[in-house]
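FYI, it's all coordinate maths here, none of it is from the lab. Because the structure is a prediction, the values reported are computed rather than measured. We place every Cβ from the backbone using ideal geometry, glycine too, and count neighbours over all the protein chains shown.
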Amino acid sequence: MLGQVDASLDDVFEEVLAFLASPASSDPNAVLAMAMKLGETNFRVMALLDKGHTGRFGHPEPSPVRLTPIKGKAILISGHDMQDLHDLLVQTEGTGINVYTHGEMLPAHGYPGLKKFDHLVGNFGGAWYKQKKEFAEFPGAILMTTNCIMPTAGTSYADRIFTTGEVGVTGSPHIPTKDFSALIKCAQELPGFTYEPEEPKFVTTGFGHEATLGAAGLVLDAIKNKQLSHIFLVGGCDAPEPSRKYYTEVVRSLPQDTMVLTLGCGKYRFYDQDMGTLPNGLPRLLDMGQCNDAYSALVVATELAKALDTDVNALPLSLDISWFEQKAVAVLLTLLHLGVKNIRLGPNLPAFLTPQATQILVDTFNIMPADTKNPAAEVERMMAGTGEIERRR
């Protein structure tokens, strides 16, 4: 993984598989203990990925990302793989083709080793589940890297979307190597963007743990001077359920003396809102990156707790997390392994949890489903530090 290897991770996976096949797997307490071990293991995996990304492309820096197109030939890259993007940028340099990110690739614009390419011009579209509409509208070739592809059969873009790595779908060309010449040729034969809005629109990304901790003094001063009353971590996976509008409304209704940390494709529910700054100039909305960059959020929370001589659960911090699939569950297990409590999870708790398992999580960590029908009331409860037990009274 980006030159990073930890063979001991394989040992844990084998241990867990053996555990699931043993009689001990019927003991809820033993299952919880093993889940916590998986959470610790996932933390190591995220740290390894962070080391791979930052070692190869540099630490993310706060950077503007253009959301409006530029005239010219175009390639859209989606998925999660930053190395694939780097290889594509190298191979398209000097061709006159502009490269746009999509979905979880937006944070690429914060890495010095990627944003140095002038033809990485912006981001097009939003979360993964909108791809059938957005890919059909994109006037160029498309490259899909790890994760999140939807079936392309019967779509208008099936012959101009290429897959690579582990990703592949019936009816669309696959690139087994990292030679993207067929993709580039396809882009050169397509019209690309023929218009360019007069007023470009931008968002900002690149608030990784190093950049955010670099501003830790300002954050601490804002807390002590009562300019910052609460920090919200709102993000994770997005999906098409109407109830996920809750996350848009939560962020929209936050008081001006609050700050939002976000990551994953859940950010697309509110990433283009102009939330302004705190009185000391700190942006109120910090995009920390991809879903796996939950590692950065954990590093920041841990360091803030140390600076305030407390623990993460005593910080003026609320976690309002959206989940959809296994990767988000792995991040949740990491949070629980670190002892983080009072997490709101939505739009619903995972359906695969038995009532007994759910009760254990509630009793041990006070985990709770987000009150998606009452976002304003949920904000008030988070600001007051009340959780599931108080909410039921």
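Using a Förster distance of 25 Å, how high is the FRET efficiency between residue 245 and residue 199, based on the Cβ-Cβ distance and rounded to 0.05?
0.40
Taking θ as phi - 60°, what are the ³J(HN,Hα) couplings along segment 329-345 by the Karplus curve (6.51, -1.76, 1.60), each to the nearest whole Hz, with x for Gly and Pro?
Working through the residues one at a time gives 5, 4, 5, 4, 4, 5, 4, 5, 4, 7, x, 6, 10, 6, 6, 8, 10 Hz.
Residue 237's amide H: which non-local residues (gap 5+, or another chain) put their own amide H closer than 5 Å, with H modeled 1.01 Å from N in plane and none for Pro or chain starts?
266, 322, 323, 324
Less than 14 Å Cβ to Cβ from residue 263, Lys/Arg counted +1 and Asp/Glu -1: what total charge do the surrounding residues give?
-3
How would you classify segment 8-57 from its alpha-carbon gyration tensor, with a ≥ b ≥ c the square roots of the eigenvalues: rounded for a/c under 1.5, else prolate if a/b is greater than b/c, otherwise oblate?
prolate
Looking at segment 53-88, which trypsin sites (Lys or Arg not before Pro) are DSSP coil and have at most 13 other C-beta atoms within 10 Å of their C-beta?
71
Using Cβ counts within 10 Å as a stand-in for footprinting exposure, how do 180, 365, 19 rank, fewest first?
19, 365, 180
Need one word for segment 264-340: rounded, prolate or oblate. Basis is the Cα gyration tensor (sqrt eigenvalues a ≥ b ≥ c); a/c below 1.5 gives rounded, then a/b vs b/c decides.
oblate
What residues qualify as long-range amide H neighbours of residue 164, i.e. H under 5 Å apart, gap of 5 or more or another chain, H built at 1.01 Å from N?
144, 175
When the Cα centres of segment 192-254 and segment 305-338 are compared, how far apart do they sit, in Å?
17
Using each residue's phi in segment 97-112, evaluate 6.51 cos²θ - 1.76 cosθ + 1.60 at θ = phi - 60° and report the 3J(HN,Hα) Karplus result to the nearest Hz, with x for Gly and Pro.
8, 8, 10, 10, 8, 9, x, 6, 8, 3, x, 4, 5, x, 7, x
Suppose we keep just the DSSP beta bridges with both residues in the chain; what percent of those would be antiparallel, to 5?
Antiparallel: roughly 15 percent of the beta bridges in the chain.
For the chain, give the magnitude of the charge dipole about the Cα centre (Cβ charges: +1 Lys/Arg, -1 Asp/Glu; no others), in debye to the nearest 20.
740
Going by amide H atoms built from the backbone, whose H comes under 5 Å of the H on residue 68, apart from near neighbours?
201
When only DSSP loop residues count, what chymotrypsin sites (Phe, Trp or Tyr not before Pro) in segment 253-352 have their Cβ near at most 15 other Cβ atoms within 10 Å?
Counting only loop positions with at most 15 other Cβ atoms within 10 Å, the chymotrypsin sites (Phe, Trp or Tyr not before Pro) in segment 253-352 are 352.
Mind checking segment 89-153 for trypsin sites (Lys or Arg not before Pro) that DSSP puts in a loop (not H, G, I, E or B) and that have at most 12 other Cβ atoms within 10 Å?
Those satisfying the criteria are 116.
Compare the Cα positions of 174, 4, 119 along the charge dipole of the chain (+1 at Cβ of Lys, Arg; -1 at Cβ of Asp, Glu; about the Cα centre) and return the one farthest towards the positive end.
119
If the cut-off is 19 Å between C-alpha atoms, which aspartates and glutamates fall inside it for residue 341, apart from same-chain ones fewer than 8 positions away?
By straight Cα distance, residue 341 reaches 40, 303, 309, 311, 320, 363, 371, 378, 380, 388, 390.
If each residue of separation counts as 0.36 nm, what is the full-extension length gain between residue 90 and residue 27 once their alpha-carbon separation is subtracted?
17.4 nm
Output wanted: per-residue J couplings in Hz (rounded whole) for segment 79-84, from phi through Karplus 6.51 cos²θ - 1.76 cosθ + 1.60, θ = phi - 60°, x for Gly and Pro.
Each residue's phi maps through the Karplus curve to give x, 9, 8, 5, 5, 4 Hz.
Compute the acute angle (0 to 90°) between the alpha-carbon long axis of helix 8-20 and the principal axis of greatest extent of the alpha-carbon atoms of the chain; round to the nearest 10°.
Around 60 degrees separate the two axes.
Rounded to the nearest 20 debye, what is the charge dipole size of segment 207-391 about its Cα centre when +1 sits on each Lys and Arg Cβ and -1 on each Asp and Glu Cβ?
160
Applying 1/(1 + (r/R0)^6) with R0 = 45 Å to the Cβ-Cβ distance of residue 181 and residue 7, what FRET efficiency is obtained, to the nearest 0.05?
0.80
Is the shape of segment 63-189 rounded, prolate or oblate, going by the alpha carbon gyration tensor and its root eigenvalues a ≥ b ≥ c, with a/c under 1.5 for rounded and a/b larger than b/c for prolate?
Here segment 63-189 falls in the rounded category.
In the neighborhood of residue 52, defined by Cβ-to-Cβ distances under 14 Å, what is the net charge if each Lys or Arg adds +1 and each Asp or Glu adds -1?
-2
Lysines within cross-link reach of residue 185: Cα-Cα under 22 Å, excluding same-chain residues under 8 positions apart?
The qualifying lysines are 71, 73.
Which entries of 226/373; 267/327; 51/267; 37/327; 245/267; 201/267 show an alpha-carbon separation above 19 angstrom in the structure shown?
Correct reply: 226/373; 51/267.
Report the gain in length on full extension from residue 377 to residue 166: 0.36 nm times residue separation, minus Cα-Cα distance, nm rounded to one decimal.
71.7 nm
For segment 207-391, what is the percent of antiparallel DSSP beta bridges, rounded to the nearest 5?
5
Suppose each label sits 7 Å from its Cα in the direction of the beta carbon; what would the residue 37-residue 310 distance come out to in nanometres?
So the two model labels end up 3.4 nm from each other.
Using only the alpha carbons of the chain, determine the length spanned along each of the three principal axes and report them from longest to shortest in whole angstroms.
62, 57, 38
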